[in-house]
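> Handing you this structure, nothing more for now.
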Amino acid sequence: MSLIAWSLPKKTQLPAVSLLGNLFVLWFAPYAFVAMSISACLVYLISHAKSQKGHWVLLGVGYCISQFLLLRFLQEHSVDLGLGGSFSVLGVAYFTCRDVHYLVESYKGNVRKNIVTFWYYQSFLPVMIAGPINRYHEFEREIQRRSLDFDQISKGIERIIYGYAKVTVLGNYLIEHKIQSYLTQLPNQESILHSWLVSLADWAYLYAQFSGWSDVAIGFSLCIGIKVSENFNRPLSSKSLVDFWKRWHISLSSWCKDYVFTPALLITRNLFIAISLSMVTMGLWHESSLYYIFWGIYHAIGITLCRLYMKQDNEIVEYLRQRFWWSSFTRALTIFYLINASVFIGLFYDGLY
Amino acid sequence: MKTLNDIYQNLSSESNKKKTFIKFEARHFNYQEVTLSIRKLSGFFRFHCLEKGHRILICSDREDIVVFSVLSSLLNGISSAVLPTDISSHRAQSILETYQPDLIILDENLTAFSEASFPYFKIKDKKATTTKGSLLSRFINRDNSPDLSMFEAFEAEEPNLSAMSDNLAFVNFTSGTTSSPKGVKITYKNLFSHLETLGKQFSYNADSRILNNLTLSHADGMIQGPVLALYYACSLYRPCSTDLQKLEYFLNSIHREQITHMITVPTILSFMDRFASYNDYFDTRFFQHLLSVAGALNKDLWKRVEQRFKTRVCNVYGLTETVAGGVFCGPNDSTYKTGSVGVPVDMDVKIVSKEGAELPKNIEGEILLKGDNVFEGYLNNVQATEAAVKDEWFLTGDLGYRDEEGFLFISGRAKELIISGGFNIHPAEVNEALLKIEGVAEAATVGEPHPDLQETVTSFAVLKAGVSETKDSLLRKLPNFLEHYKVPKDLFIVDQLPVGDSGKVILAELKNIISHSRNKHKKEEILDLDAFFSLVSKELNVDKNVLSLSTSSQDLPSWDSLAHLNIIVSVESAIGFKLSNQDVVSITSLNDLWQIAYKGL
């Protein structure tokens, strides 16, 4: 792809990259391609319509979310549409977020009308499948800054190798094949310690997968001359839960903050409701299930408690904050809360059925 | 120091590599194309019997034609002068009489030279590049061939590279009264010694990529642009104009074009400080130096720009009479001190009292400069030359002092000059234009401090008895006698001008009148649509009646980037709050501005 991006005449480079992105999705996931094309057309038309913009934007957001839920439902229940071919919703979670972002930003007047750049944005293959959820104005800026720089290409290739190694060697082989397999062979499978170890391994696996594929996407983008924002920033070094969600899957967290948390807070003026809605959205983005609704509420409770603690400025809290061991304690507590997510939600979830 | 032969050899050897010489927004020219164009123009000059020692005058909006004509004439020993296309016919005529060109190359639609009795060559109106058509054709349309079809009939010939160091290379016309236009004579020695200094100071070489889109009729645009690129066989990038709406695109070009040197004016730095969205424009492994030229750089702005964009701003101090510069602040630590204009390089500086005695350190006086880059004199103007050059020392007219470490500081001006957006404007020229309007008895002009433009022009007029001219009607008439950027931003009609015992106008009192008026204006102004149009018409120098909410920057030639900023500043002061950066850059029509201002109110 990098070769195509740089070997063609300059004016045809990005159209070729975009066309390749479209053909890729069309070939591997024709249903996703159709859905993506319909929502892209709709989003662009609504975003740049002259009248009744507010209502139309709401309708557009509603359509994008409905389409996302429908496609997820069809995939999770393996519904046969009778049209032949395999049903795949490749990248639907990402292009839905991008579409909502574009609609809202255009409503706020932050997007300039340019159908060509919009097409590039929608069809940018490196981030289509596994993110990050890149922002339109950043992408537009990168198009304006794009130039052939072998140093960047070299860094891009390094990043692809690094990311792929993270996914395969660290994630698939070491964590999944070795550690998780080993954990299944341990005695006392019902013990809380075992649950913690399994949960820790799950988080580590998720990190290796998500951040690894993000590295690959960032690397591929660099090879084309487009810089994509980082998606992970050493999440295990987080000092608190709030800090963790600023470092973990940053593009999704910031998307939820801008398009769920902020509007919800403005409407309800209730911090817990706003956090809960964003965390539940984040959960459902991963998987549409009751489990992830509980997952969202669990993390919302944690974040709310953390925020309440951060607001405290009494003598005891101030005293603790100045102790050198306190930050190590809060770091450990953060990880402890995270690995207990699956334990608590699992217990609660099991209790329902 | 290089010779013309060395320069031409470099040009020819680079032409084999297809390296870019100059890149405009829509098209670029590689060295091969430039070499061919220079040869074609050499043939063109021969056809018009132009030889070493002759003079050409160029006035065109076609930047490619201007650049190639100047470079070709430079190599052929023909001196050139470039004038802005919005020049008034009065000034054009007086320059022609002084310059006596052997050929004028001008756009065919220019009316300023209609009464000229000199040989001319008219440049046909370039057909607009088609942007319509199929999506595919917009992508694959590559029109990079030099469009010099009008020179097609002429044989490509080798340039005559025999000019000597004391031959005339350029004549740059500075602001001055039409009765005595000042044509600064720049010889090859002046030019090349200055280019050598620039190279030494800022490490220019064949790999340099310069971003400079200052106007080509300005010495900093031409000398530190195409001429510098030719001298060091490097590349020059001249993107779109630096309109606020295109500021991001302009700044992003630093990364895209792998720019090594950016040459700009304090006004653009101020725009960047106020309206740029990001801080990392200079964060590329290629970028080396950011240069501020043509005007004093405010110390606060200087610090803000450096802190925000994480790059050192180098200041170049000089005048047209020193080609473009001579005193440099940065890039090295030894020559760098924020607030100063730095230290002289390849020049001597001394500070003198009114009586001409050299002053010690830290005492303010007039700054005098001496060096190989100091001009030979004003063309056909012995009186002005004698007043400006004494014993090889050039009297800059700027007041300043040197500190213990030898850094030069500018503290004021001994001569009357207004510097607005990097352009020098002589108040006498504005007064002269005002007096040309029938009904104006007396006129005076002062500079008013401005946060972005450094200064703006404000004039005072005393009307003859019984004359019913208004401020708006006078401002509308002025563009007939003045270039657009010299037209006052504000004008006061007064009963009489304050004069001192010697009979000279007291400028300090005029400034007091402005200051009182501004404070009063702020308190009284209430923005309604009528007041809004009045405000805008004043800034755009157009009749209020021609404005409507649908008027956009495309409709009015006077709505340039500076006017855009002026409109916004006026509206901001009228409504009492600042518009957001996002709002400012998104405004393209009066309706946009009105909606934002009205919503804010």
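> In whole angstrom, note down how far apart the Cα centers of the range A:221-270 and the range B:367-410 are.
59
> Tell me the Rg and the Dmax, in Å, that the Cα atoms of the range A:252-293 produce.
Reported Rg and Dmax, both Å: 10.0, 28.
> Tell me the trypsin sites (Lys or Arg not before Pro) within the range B:254-349 that lie in a loop according to DSSP and have at most 14 other beta-carbon atoms within 10 Å.
Details: sites: B:256, B:274, B:285, B:299, B:303, B:304, B:308, B:310, B:312, B:337; in loops: B:285, B:310, B:312, B:337.
Answer in residue order: B:285, B:310.
> Under 29 Å Cα to Cα from residue B:471, which lysines show up? Leave out anything in the same chain fewer than 8 places away.
Excluding near neighbours in sequence, the set is B:415, B:436, B:486, B:489, B:504, B:511, B:520, B:522, B:523, B:538, B:544, B:578.
> Still on this structure: How much of the accessible area of the range A:212-287, in percent, comes from carbon and sulfur atoms when a 1.4 Å probe is used? Before the final figure, lay out the partial values.
Values: 2070 of 3170 Å².
Answer for the range A:212-287 is 65 percent, counting heavy atoms of protein chains only.
> Need one number: nm distance between label points at residue B:468 and residue A:272, each 7 Å from Cα along Cα→Cβ, rounded to one decimal.
So the two model labels end up 7.7 nm from each other.
> Hey, another quick one. Please list the equivalent ellipsoid semi-axes of chain B, computed as the square roots of five times the alpha-carbon gyration tensor eigenvalues, in descending order and whole angstrom.
Working: eigenvalues 259, 179, 143 Å².
Over the Cα atoms of chain B, the ellipsoid semi-axes are 36, 30, 27 Å.
> Between residue B:25 and residue B:588, how high is the FRET efficiency from 1/(1 + (r/R0)^6) when r is the Cβ-Cβ distance and R₀ = 22 Å? Nearest 0.05. Don't skip to the answer; put the middle values down first.
Numbers: r = 18 Å, r/R0 = 0.82.
That gives a FRET efficiency of 0.75.
> Here is a follow-up. Build a GNM of chain A with springs between Cα atoms under 10 Å: which of A:277, A:42, A:308 gets the top mean-square fluctuation?
A:308
> Roughly how many Å² is the accessible area per residue of chain A, as a whole number, for a 1.4 Å probe?
Working: 18260 Å² over 353 residues.
With the other protein chains kept in place, chain A gives 52 Å² per residue.
> Could you pull out every one of the lysines with an alpha carbon less than 25 Å from that of residue A:311, ignoring same-chain neighbours closer than 8 positions?
Output for residue A:311: A:239, A:246, A:257.
> Let me know the Kirkwood hydrodynamic radius for the range B:227-304, please, with Cα pairs as the basis and the value in Å to one decimal.
On the way: mean 1/r = 0.0744 Å⁻¹.
About 13.4 Å, per the Kirkwood formula over Cα pairs.
> Multiply the residue separation of residue A:4 and residue A:309 by 0.36 nm, subtract the distance between their alpha-carbon atoms, and state the gained length in nm to one decimal.
Details: separation 305, 0.36 × 305 = 109.80 nm, distance 5.26 nm.
Length difference between fully extended and current span is 104.5 nm.
> To continue, here is another question. Show which lysines lie in cross-link reach of residue B:2 when reach means a straight Cα distance below 17 angstrom and same-chain residues fewer than eight apart are skipped.
Excluding near neighbours in sequence, the set is B:189, B:200.
> For the interface of chains A and B, what total accessible area is buried with a 1.4 Å probe, rounded to the nearest 100 Å²? Don't skip to the end; give the middle numbers.
On the way: alone 19140 and 25970 Å², together 43400 Å².
Summing both sides, the interface buries roughly 1700 Å².
> Also, I was wondering about something else. Could you give the alpha-carbon Rg of the range A:5-55 over 2.2 N^0.38 Å, rounded to two decimals?
Numbers: Rg = 15.0 Å, N = 51, 2.2 N^0.38 = 9.8 Å.
So the Cα radius of gyration is 1.53 times the expected 2.2 N^0.38 Å.
> ³J(HN,Hα) across the range B:96-107 via Karplus (A = 6.51, B = -1.76, C = 1.60, θ = phi - 60°), whole Hz, x for Gly/Pro?
4, 5, 6, 7, 6, x, 8, 7, 10, 9, 8, 5
> What FRET efficiency comes out for the pair residue A:59/residue B:280, r = Cβ-Cβ distance, R0 = 41 Å, nearest 0.05?
Numbers: r = 37 Å, r/R0 = 0.91.
My answer for the efficiency is 0.65.
> Just the number, please: Stokes-Einstein D of the range A:1-106 in µm²/s, Kirkwood Rh from C-alpha pairs, 37 °C, 0.692 mPa s. Walk me through the intermediate numbers first.
Numbers: Rh = 15.3 Å.
After rounding, the answer is 215 µm²/s.
> Residue A:183: net charge of surrounding residues, Cβ under 15 Å, Lys/Arg +1, Asp/Glu -1, itself excluded? Intermediate results must be reported in sequence, preceding the final value.
Values: positive: A:178; negative: A:176, A:190, A:202.
After counting each charged neighbour, the total is -2.
> Within chain B, what whole-number % of the accessible surface is contributed by carbon and sulfur, with the 1.4 Å probe and all protein chains included in the calculation?
48
> Per residue of the range A:5-14, what does 6.51 cos²θ - 1.76 cosθ + 1.60 with θ = phi - 60° give for ³J(HN,Hα)? Whole Hz please, x for Gly and Pro, Karplus curve as stated.
4, 10, 7, 7, x, 3, 5, 9, 5, 5
> Apply the Karplus parameterisation 6.51 cos²θ - 1.76 cosθ + 1.60, with θ equal to phi minus 60°, to every residue of the range B:340-345 and state each ³J(HN,Hα) to the nearest whole Hz, in sequence, with x for glycine and proline.
Per-residue couplings from phi come out as 8, 9, x, 10, x, 10 Hz.
> Could you check the simple spin-label distance between residue B:240 and residue B:415, using points 7 Å along Cα→Cβ, in nm with one decimal?
Calculated label separation equals 3.7 nm.
> Further question on the same structure: Can you list residues whose amide H is under 5 Å from residue B:374's amide H, if they're 5+ apart or on another chain and H is modeled 1.01 Å from N?
Residues meeting the criterion, in which the H sits 1.01 Å from N, do not exist here.
> Kindly provide the GluC sites (Glu not before Pro) of the range A:132-200 that DSSP labels as loop, not H, G, I, E or B, and whose Cβ sees at most 11 other Cβ atoms within 10 Å.
Details: sites: A:138, A:140, A:142, A:158, A:176, A:190; in loops: A:190.
For GluC sites (Glu not before Pro) across the range A:132-200 that sit outside H, G, I, E and B with at most 11 neighbouring Cβ atoms in 10 Å, the list reads A:190.
> Taking H placed 1.01 Å from N in the peptide plane, check which residues at least 5 places from residue B:61 or on another chain put their amide H under 5 Å from its amide H.
Result for residue B:61 returns B:107.
> Can you pull the one-decimal nm distance between simple spin-label points at residue A:178 and residue B:150, each 7 Å off the Cα toward Cβ?
It is 7.5 nm.
> Given the rule -39500 (n - 2.57) for each run of at least 4 DSSP H residues, summed and divided by the residues of chain B, what is its mean residue ellipticity at 222 nm, to the nearest 500 deg cm²/dmol? Don't jump to the answer; show the numbers that get you there.
Numbers: 19 runs with 200 residues, N = 601.
Value at 222 nm, helices only: -10000 deg cm²/dmol.
> Compactness ratio of the range A:164-270: Cα Rg over 2.2 N^0.38 Å, N = residue count? Can you show the working numbers first?
Working: Rg = 17.5 Å, N = 107, 2.2 N^0.38 = 13.0 Å.
So the range A:164-270 has a normalised radius of gyration of 1.34.
> Give, in nm to one decimal, the length gained when the segment between residue A:158 and residue A:333 is fully stretched (0.36 nm per residue of separation minus the Cα-Cα distance). Provide the component values of the computation, followed by the final result.
Numbers: separation 175, 0.36 × 175 = 63.00 nm, distance 3.45 nm.
Length gained, residue A:158 through residue A:333: 59.5 nm.
> Using Cα springs under 10 Å in a Gaussian network model of chain A, which residue among A:254, A:51, A:238 shows the largest mean-square fluctuation?
A:51
> Next up: Please check the range A:11-50 for residues whose accessible area, probe 1.4 Å, is lower by 40 Å² or more when all protein chains are in place than in their chain alone.
With the partner chains in place, the range A:11-50 has these residues losing at least 40 Å²: A:11.
> To the nearest 500 deg cm²/dmol, what mean residue ellipticity at 222 nm is calculated for chain A from DSSP H runs of n ≥ 4 alone, each contributing -39,500 (n - 2.57), summed and divided by the residues? Show your work: numbers first, answer last.
Working: 18 runs with 254 residues, N = 353.
Only helices count here, giving -23000 deg cm²/dmol.
> Which parts of the range A:103-132, residue by residue, lose 20 Å² or more of accessible area when the rest of the protein chains are there, as against the chain isolated (1.4 Å probe)?
Checking the loss per residue gives A:110, A:112, A:116.
> Something else now. Mind listing which trypsin sites (Lys or Arg not before Pro) in the range B:363-444 are in a DSSP loop and have 14 or fewer other Cβ atoms within 10 Å?
Details: sites: B:370, B:390, B:402, B:413, B:415, B:436; in loops: B:415.
In loop regions of the range B:363-444 (DSSP not H, G, I, E or B), the sparsely surrounded trypsin sites (Lys or Arg not before Pro) are B:415.
> For the protein assembly as shown, just the Cα atoms, rotate onto the principal axes and tell me the three extents in Å, largest first.
Result, largest extent first: 105, 65, 58 Å.
> Next up: Using the alpha carbon gyration tensor of the range B:186-280, what are the three equivalent-ellipsoid semi-axes (square root of 5 times each eigenvalue), largest first, in whole Å? Before the final figure, lay out the partial values.
Values: eigenvalues 128, 41, 24 Å².
They are 25, 14, 11 Å, listed largest first.
> Which FRET efficiency value, to the nearest 0.05, do you get for residue A:239 and residue A:196 by plugging their Cβ-Cβ distance into 1/(1 + (r/R0)^6) with R0 = 30 Å? Numbers along the way, then the final one.
Numbers: r = 21 Å, r/R0 = 0.69.
Efficiency computed from Cβ-Cβ geometry: 0.90.
> Turning to a different aspect of this structure: Go through the range B:223-257 and flag every residue whose accessible area shrinks by 50 Å² or more with all protein chains in place compared to the isolated chain (probe 1.4 Å).
Relative to the lone chain, where solvent access is computed with a 1.4 Å probe, the range B:223-257 loses at least 50 Å² at B:252, B:255, B:256.
> Could you check which residue among A:99, A:313, A:243 shows the biggest mean-square fluctuation in a GNM of chain A with a 10 Å Cα cutoff?
In this elastic network of chain A, the residue with the biggest mean-square fluctuation among A:99, A:313, A:243 is A:313.
> Additional query: Once both axes come from the Cα atoms, what is the angle between helix A:192-224 and the longest principal axis of chain A, in degrees from 0 to 90, rounded to 10?
20
The values are calculated or read from the model by the stated rules, or taken from the named source; none is laboratory data. All values derive from a computational prediction rather than experimental measurement. Because the Cβ atoms are built from the backbone with ideal geometry, glycine has one as well, and the counts that use them run over all protein chains shown. We work out accessible area using only protein heavy atoms, side chains counted, and drop any ligands, DNA or RNA first. Shrake-Rupley method; radii C 1.70, N 1.55, O 1.52, S 1.80 Å.
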